[in-house]
Structure formats: structure tokens, C-alpha cells
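Novice: The structure's right below; bear with me while I get my questions together.
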Amino acid sequence: MAGFETPEAYRAPHNPVRLLPFRFEREGAGYLVSNMVGDFVRLTNGEFDALVHERLSPGDGLYEKAYASHLISREGQSAQLQLVAARLRSRMAFLQKPTGLHMFVVTLRCEHSCPYCQVSRQSTDRSRFDMSIETAEKALRIALDSPGERIKIEFQGGEPLLNVALIEKVVQNAKELAPKVGKHIDFVIASNLALLTDDILRFCKLNEIFLSTSLDGPADLHNRNRPRPGGNSYQLAVQGIKAAQKVLGADRVSALMTTTEASLDRVEEIIEEYVALGLDGVFLRPLSPYGFAVKTKQIRKYDSRRWLDFYVRGLRYILDLNRRGTNFFEFYTLLILRRMLTDEPIGYVDLRSPAGIGLGALVYNYDGRVFASDEGRMLAEMGDNSFELGHVNEDDYRSLIMSDRLIDLIGSSLTQCAPECFNCVYESHCGADPVYHHATQRDAVGIKPLSGFCARQKGVMRTVLDLLDGSSADAAILRRWGGM
Amino acid sequence: MGEAITVEFSEGVQSLDALHAAAYRMIDVATCRIERSTDKLLCHLAPKEGIKLDAAALRTRFIDNVTDEALRERLAQRVEPVRNLILSLAFGALAAQPDKRG
């Protein structure tokens, strides 16, 4: 006679609980714990103690919480390990598409004289500080040799529109050559827009070129941060943004701000400036320790803690805007959320390990030298050539990427094994940034408890986690940003 | 500058690696010198200039850090085999051979 099995027959075998790798940090009255792919869970002291001593069993709540968070498995079970492995592989898949970004420094000349300029712009001598067509052609050949099917060429300066003739030639050549090697190229010009003309806009429209510009906030703040002859940087930037939105489309122009000491009390005004211009978000970006920002001591005028206060106030203001119906992002938070809430392979060059130097981007300087990152060429203008990989006259893509210098820098700065980083609860979502640590501590790894980069990353992630846990209204907005 | 303190550990109970790791974590607030004395490990902690941390708070923070680092050390040993298995499933030869996974 047919019958049912006993309930025991349907129970999972009582194999012992097996701890999976996790990282933890004390916080208040409990622990913040993250698994191997960076999912976070908050545990009380009692729960944490029970977890590490494996005192958990099905039905006690903690077992289910720990199992769902990939903190435990059962001996002999393989599905969960395969799931964690697949997620890990997905998160690191950016390594399969190396060097997606190629930056052409078409000139170091600039008509602005910003005291925080990180690239040490020059104001004179066209022949000395402009990239030649020969150099540009060799750089383009290297870019086209990189393995990705889709690459981005970004024209940088100085002010790149001072050498717009070269940009036009590079774009034309690239469009001719790219289909022959099976590549698609996206183009970006990073410009202050002061020299933007209708002809340049038409050229951008024709070639689907994206414009990235700088806007530091309201007129007085922007013009103070970004002086130029005539004192009209703000007026020209706003005029340029509006013209680009009209001709290229609202989604074809974006702006970046740089936080100076004068910005710290004005985050709401800065955000409102972006909203008024119809921009879809702002990147509350701290100063970087390169170029004139160091020479003019701008970099010393505020520390990570003051920047974090500025960031948190700005983020809260933006969340409030969203609650009132204005869709507006803080782009760094958005990036962090995508790292935290999805397994997308996000290879943002400053926020990855292995570091994005060379593997994420190559920079072709006006004089033909090739650098592992934009910040690397900024250091070179200060006399430090640590991140110079070679020269377009002598090197090809392979020799640059396989250079001992690049391999040493990347290999020595992995967060997966750097002191403190390898045990850090935020490691899965952080980055190595060897250039920053070299610039500030003369060491590519850096002593992380002394690192402004580390303090900012931890501060941003703590803020985001608190918002996700603390308010369902904020969490709903943030989860939407993260693509959930 | 705050008061310097000495925290004592029994060498048989606490590993030197955990003390080093705890000292490293606190490098922004205190300088730590570790010395051996018979069967004891002595950690001399001096708060850095500008750090407002009294002796009791400094001691508590250091001991908490040592406890956490010692736990991290023990956990790392326990999970090393499964960690290596997951990494090989993700990136090693097993990643390319789905039938042999797990």
C-alpha cells in the first residue's frame, strides 16, 4: 500500500555546520559582518558569539540569517559554495575586459588658473605642451590594440579645446580604423566649455561625443575656485552646458564638482545649481593630492572628516529632493550601491582591486609618455615618474601592460592581501588606489589607518549602510539607485 | 598628549601576530612598542599628539582590537580550506570544469 515517508526522510542530513569565510568589525553594541562577496549583515554580540562557536541550528533564526547571508554552510554541501564562487567570478569579470579607457592629453595648456588644478596646467608655448599628430596616431594604435571590443577615448587637458584640431583628426582616424579591428569607440571631451563653439558642438553631435565639464556650484564659488581672464568661468560653463544639452541631448553632457574649503558649508547651494541646470546628479568629489592642489596647499585646508560631514549633509539633502519627487543622484553613492547591492563587474578605476592603473586605463601624455593613470601623469608633472610605463615611440600595448613596473605596482597593492585591508569588512567594495597612497605616503600599499582614502571609503559605506537600515523611505530610494 | 600605558599579555595565551595587527589598526591614535619579558608580552602604548583618549579608553580599545585580531587569526585558519575551494571554483581550473565542481 502506498504511503508517505516519515517527516525525518524530508529533513536535510544533519551534517555539521561549516563556517564560510567572513570579515567583521565591531560597531556599537554588535558587529557588522560581511561575507566573501560583500553582503552585509548586522549581528548582536550574542549572535556573533553563537556564530563563531557554531552554536546555531535550523529554526533558531540565527541559523537562517547566517545561511541566507552565506556565513555558514553544511559539510558536504556544494551548491552554496558554487553560488558564492559564481558571484565572486561575476564581480571580478571586469578583469576580462582590460583597459577600457584611453585618455589623450591633447594639450597641457589652459586659459583657467585654478589653484586646485591637479594637472599643473601651462599657459604658454603651444609647441611644447600640445600633443603632435604623430604622437596621437601612435597612441591611437596602442588603444586599438587593447583587447576590449568597446573602448572609450577621453580627451583631456589642460583644456583640450585649445587643441581641437587634433581631437578632430584623432576622432576621424579612430572611426576609420575601429571597424577594421572590430571595435566600438565612445568619445568624451573633458572640457571647461569656455571655448565651446557652435562648430565644435556640431562636430560632437556628428560623432556622438559626450562632454564632461566642471561646475563647482553657484557663480561666486565657481569663479573663486576657477579663475580665468574676465572672471566669467561660471557664465561660460553654464552657457556651454545649456548649449550642449540643446544640441547633443540632456544625457550627453555631465558635470563634476571639486570640493574646496569654500564649498564645505554650501553643499545645498551646489546641489541646487545642478538641479536648476537639469543635470541628473552630482559627484561630491574631494580634492586629490596632485599638482597645484599640493603646491598651493589647497589639499591641507580640510581633512577627510570635514569632507565626510559635507558628503553626508549633501546626500541627506539629495534624498530629501528625491522624496519630494525630484530624481537626482549622488554619483559616488550610486557607484557604491551598485557594488553593494549587485554582482555587476564594476571596474571603476579608483575603486577596484587589482588596481585600475593600466588594467583599467592608459594615459597618453602630450609628449608621448604613457602613464598608468591620470593621477600618474599628474605626479609626473610634479617630478615623480613612478607611474610612467613607457613611450608611444617605443612601446606597444603588450609591452606597456606587461611592464615590470605595472605588474609590481598592481601586485603589491592588492587589497585582498594588503595589511588591514584583507580583513576589512568593506574590502569587497573598496579599491587599492596605489597612486593616491604613493602620492600621500610614498608607498603604493599605504598605511590604511593613516589614509584619507580609507577614511572616506569607510565613511561613505557606513553612511550608506546606516541609511539602508535606518529609514525605509531612504532605503527605497537608495535601492532604486543601486538597480534593485 | 594623553597618558602612556602598558598592557600585559601572557605569551602562551596571546599570539604576537594578533598584537602586531592590533597595534597596526591603532597606528592613527597611538604608537605601540611591543617587548618580551620572560613569559609576558608587554605592549607600551603612547597616544599620538592631539589624540584625546584617556588611559582607560586606550586600554579598552587596544584589548578589544587584540581580541578581534586573535579571533580573525583563528577564523582564518578554520575557513582556509573552504576559502581555497571557493576561490578555485571561481577562478581556478575548477571554474572551467563545471562537472568537477564542488
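Each value in this text was obtained by applying a stated rule to the coordinates, not by laboratory testing. Quantities reported herein were computed from a predicted structural model and do not represent experimental measurements. A quick note on method: Cβ atoms are made from the backbone with ideal geometry, for glycine too, and the neighbour counts reach across all protein chains shown.
Novice: Roughly speaking, what is the centre-to-centre gap between the range B:9-84 and the range A:23-64 when only Cα atoms are used, to the nearest Å?
Specialist: 22
Novice: Can you put A:VAL370, B:VAL29 in order of Cβ neighbours within 10 angstrom, beginning with the fewest? Let's see the in-between values first.
Specialist: Working: A:VAL370 27, B:VAL29 20.
Arranged by neighbour count, lowest to highest, A:VAL370, B:VAL29 become B:VAL29, A:VAL370.
Novice: In what sequence do A:GLU427, B:GLU73, B:GLU35 fall when counting other Cβ within 10 Å, fewest first?
Specialist: By the 10 Å Cβ count, ascending, the order reads B:GLU35, B:GLU73, A:GLU427.
Novice: Taking loop as defined by DSSP and a crowding limit of 14 other beta carbons within 10 Å, which trypsin sites (Lys or Arg not before Pro) in the range A:235-313 fit?
Specialist: A:LYS297
Novice: In addition: Using a Cα-Cα cut-off of under 19 Å, which aspartates and glutamates could be cross-linked to B:LYS40, ignoring same-chain neighbours fewer than 8 residues away?
Specialist: Of all the aspartates and glutamates, those that pass the test against B:LYS40 - Cα under 19 Å, at least 8 places apart if same chain - are B:GLU8, B:GLU11, B:ASP17, B:ASP64, B:GLU69.
Novice: What is the dipole size for the protein assembly as shown, taken about its Cα centre, with +1 at each Lys and Arg Cβ and -1 at each Asp and Glu Cβ, in debye to the nearest 20?
Specialist: 560
Novice: Need one number: convex hull volume per residue for the protein assembly as shown, Cα atoms only, in Å³.
Specialist: Taking only Cα atoms, the protein assembly as shown has a hull volume of 202 Å³ per residue.
Novice: While we're looking at this one, here's another question. Let me know the shape class of the range A:369-410, please: from the alpha-carbon gyration tensor, a ≥ b ≥ c as square roots of the eigenvalues, rounded when a/c is under 1.5, otherwise prolate if a/b is greater than b/c, or oblate.
Specialist: Oblate is the answer for the range A:369-410, as a/c is 1.5 or above yet b/c matches or exceeds a/b.
Novice: I'd like the Karplus ³J(HN,Hα) series for the range A:148-161: coefficients 6.51, -1.76, 1.60, θ = phi - 60°, whole numbers in Hz, and an x wherever there's a Gly or Pro.
Specialist: For the range A:148-161, the Karplus curve yields x, 6, 10, 10, 10, 10, 10, 8, 10, x, x, 10, x, 5 Hz.
Novice: How would the range B:33-82 be classified by its alpha-carbon gyration tensor: rounded, prolate or oblate, with rounded meaning a/c under 1.5 and the a/b versus b/c comparison settling the rest? Let's see the in-between values first.
Specialist: On the way: a/c = 3.15, a/b = 1.68, b/c = 1.88.
Oblate.
Novice: Enumerate the aspartates and glutamates that A:LYS97 could reach by cross-link, defined here as Cα to Cα under 18 Å, with residues fewer than 8 away along the same chain left out.
Specialist: Filter leaves A:ASP145, A:GLU149, A:GLU154, A:ASP186, A:ASP343, A:GLU344, A:ASP350, A:ASP396.
Novice: Using only atoms on other chains, find how many Cβ atoms lie within 10 Å of each Cβ of peptide A:82-88 and report the average.
Specialist: Average per residue, whole number: 6.
Novice: Which residue, A:ALA86, A:SER127, A:PHE104, has the largest displacement toward the positive end of the dipole of the range A:1-133 when charges sit on each Cβ (Lys, Arg +1; Asp, Glu -1)?
Specialist: Looking along the dipole axis, the top candidate is A:SER127.
Novice: Select from A:LEU236, A:HIS429, A:LEU71 the residue farthest towards the positive end of the dipole of chain A; place +1 on Cβ of Lys and Arg, -1 on Cβ of Asp and Glu, and compute about the Cα centre.
Specialist: A:LEU236
Novice: Taking the number of other C-beta atoms within 10 Å as the exposure measure, put A:HIS437, A:HIS112, A:HIS53 in order starting with the fewest.
Specialist: Lowest count first: A:HIS53, A:HIS112, A:HIS437.
Novice: Under 5 Å between amide hydrogens, which residues at least 5 positions from A:PHE155 or on another chain qualify, with H placed 1.01 Å from N in the peptide plane?
Specialist: A:PHE104, A:VAL188, A:ILE189, A:ALA190
Novice: Here is a follow-up. For the range A:294-364, just say rounded, prolate or oblate: build the C-alpha gyration tensor, square-root its eigenvalues into a ≥ b ≥ c, call rounded for a/c under 1.5, and beyond that prolate if a/b exceeds b/c, oblate if not.
Specialist: Since a/c reaches 1.5 but b/c is at least a/b, the shape of the range A:294-364 is classed as oblate.
Novice: Compute the long axis of helix A:452-470 from its Cα atoms, compare it with the longest principal axis of the Cα atoms of chain A, and write down the angle in degrees, 0 to 90, nearest 10.
Specialist: 50
Novice: A further question on this structure: How large is the charge dipole for the range A:76-209, taken about the Cα centre, if only the Cβ atoms of Lys, Arg (+1) and Asp, Glu (-1) carry charge, to the nearest 20 debye?
Specialist: 640
Novice: Run the dipole for the range A:1-120 about the Cα centre, Lys and Arg Cβ at +1, Asp and Glu Cβ at -1, nothing else charged, and hand back the magnitude in debye, nearest 20.
Specialist: 540
Novice: List the trypsin sites (Lys or Arg not before Pro) within chain B that DSSP assigns to loop and that have no more than 13 neighbouring Cβ atoms inside 10 Å.
Specialist: Values: sites: B:ARG25, B:ARG33, B:ARG36, B:LYS40, B:LYS48, B:LYS52, B:ARG59, B:ARG61, B:ARG72, B:ARG74, B:ARG78, B:ARG83, B:LYS100, B:ARG101; in loops: B:LYS48, B:LYS52, B:ARG101.
Hits after loop and neighbour filter: B:LYS52.
Novice: Describe numerically, in nm with one decimal, the distance between label points set 7 Å from Cα along Cα→Cβ at A:ARG42 and at B:HIS20.
Specialist: 3.5
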